[in-house]
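Undergrad: This structure is in structure tokens; I'll ask about it shortly.
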Amino acid sequence: MTDGAAVAASTLLAAAPSALVTGGSRGIGYGIAACLVRRGWSVTLTARREMQLDDAAAALSEGGGAVHTVAADMADSAAVDAALDSHVERFGGLTGLVLAAGVGSAAPVAGYPIHRFDKQFAVNIRAPYALTSRALPLLRESASRGGPRPQIIAIASIEGMHPDRNLSAYGASKSALISLMQSINIEENEHSVVATAISPAYVDTELSAWTNDTVPAHTMIRVEDVVRVVELVLDLSPYAVIPHVVVNRMGAGPHHA
Ligand SMILES: NC(=O)c1ccc[n+]([C@@H]2O[C@H](COP(=O)([O-])OP(=O)(O)OC[C@H]3O[C@@H](n4cnc5c(N)ncnc54)[C@H](OP(=O)(O)O)[C@@H]3O)[C@@H](O)[C@H]2O)c1
């Protein structure tokens, strides 16, 4: 590529909307990343395992999408910052932040190992908070450039609204994530930045496989259902905000995963 062509290509990339997707190597994060690529967005996928990231990026790039990857553990605050920096270096800005990386660990509150609590809070709410805080100036800047409305999407959980037995730490971390999205809307809508928490019951992914004995995979919500909610949010007019969507599982009732 000539220098001129390289500059033209990098200008084009800077002009396209771009999103950082945590937990983008598989499951719900990957499904949302694929949807963004289909809509013409450039994406950075982050997760811990480099090989899975490479495979995901290769699959998404097949359709011509610009896909960047950064291996990062969301429990490591330096790695969280580095992931955002790398995205901005690659794409020159940020229009969307998808917070899908998450971990869960089940045990009763009585005697709950506190290191497990710390891990879930680090990945499920500390990293999203840190990323959001640093991303907001970039999202505001994107709003001022035009194009799609800057959007934060956080994959919370129905456990953040209605905790089930043994999921207290996970539920509390997801409750905090729902609250964070509400705070963003209060503080940032005036800058045209919007935030949406999506709280599904069990979705058929690797994360929910531990419960397949009691909740068979074929009875679970599909990743595509969550992706459809994301599409709905992205297609809203500038006059509407959906702060929180709960997705129940057919037959499970409104209060259970
Ligand atoms: N599946 C469900 O039933 C369900 C229901 C409600 C809400 N959710 C939420 O939806 C989100 C996505 O879950 P999923 O079902 O798609 O799970 P998944 O298929 O297990 O995918 C999790 C993704 O997060 C990454 N990840 C996990 N731990 C990480 C860490 N410490 N640092 C960086 N990346 C990490 C994983 O890659 P690596 O392992 O390589 O890091 C992977 O890309 C999570 O926040 C989860 O809590 C899931």
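Undergrad: Students sometimes get this wrong: rank Ser179, Ser142 by accessible area, probe 1.4 Å, all chains present, largest first.
TA: Ser179, Ser142
Undergrad: Using only the Cα atoms, what convex hull volume per residue in Å³ does the range 114-204 have?
TA: Convex hull of Cα atoms, per residue: 94 Å³.
Undergrad: By per-residue mean of other Cβ atoms within 10 Å, what is the highest-first order of 224-230, 237-243?
TA: 224-230, 237-243
Undergrad: Rounded to the nearest 500 deg cm²/dmol, what is the calculated helix-only ellipticity per residue at 222 nm for the chain, with -39500 (n - 2.57) per DSSP H run of length n ≥ 4? All intermediate terms of the calculation are to be shown ahead of the outcome.
TA: Details: 8 runs with 112 residues, N = 257.
Value at 222 nm, helices only, nearest 500: -14000 deg cm²/dmol.
Undergrad: Related question: Roughly what percent of Cα-Cα pairs across the range 149-257 reach past 18 Å?
TA: For the range 149-257, the share of Cα pairs beyond 18 Å comes to 51 percent.
Undergrad: I would also like to ask the following. Averaged over all directions, how much area does the convex hull of the C-alpha atoms of the chain cover when projected, in nm²? Could you put the intermediate results ahead of the total?
TA: Working: hull surface 56.4 nm².
Average of the hull's projected areas for the chain equals 14.1 nm².
Undergrad: What does the convex hull of the Cα atoms of the range 185-234 come to per residue, in Å³, rounded to a whole number?
TA: On the way: hull volume 4.4 nm³, N = 50.
It comes to 88 Å³ per residue, whole-number rounded.
Undergrad: Same structure again: Read phi for every residue in the range 94-103 and hand back ³J(HN,Hα) as whole Hz from Karplus 6.51 cos²θ - 1.76 cosθ + 1.60, θ = phi - 60°, with x for Gly and Pro.
TA: 8, 10, x, 10, 10, 9, 10, 5, x, 9
The values are calculated or read from the model by the stated rules, or taken from the named source; none is laboratory data. What you see is a predicted model; the values in this text were computed from it and never measured. Cβ sites come from the backbone with ideal geometry, for glycine too, and all protein chains shown count toward neighbours. We work out accessible area using only protein heavy atoms, side chains counted, and drop any ligands, DNA or RNA first. Shrake-Rupley method; radii C 1.70, N 1.55, O 1.52, S 1.80 Å.
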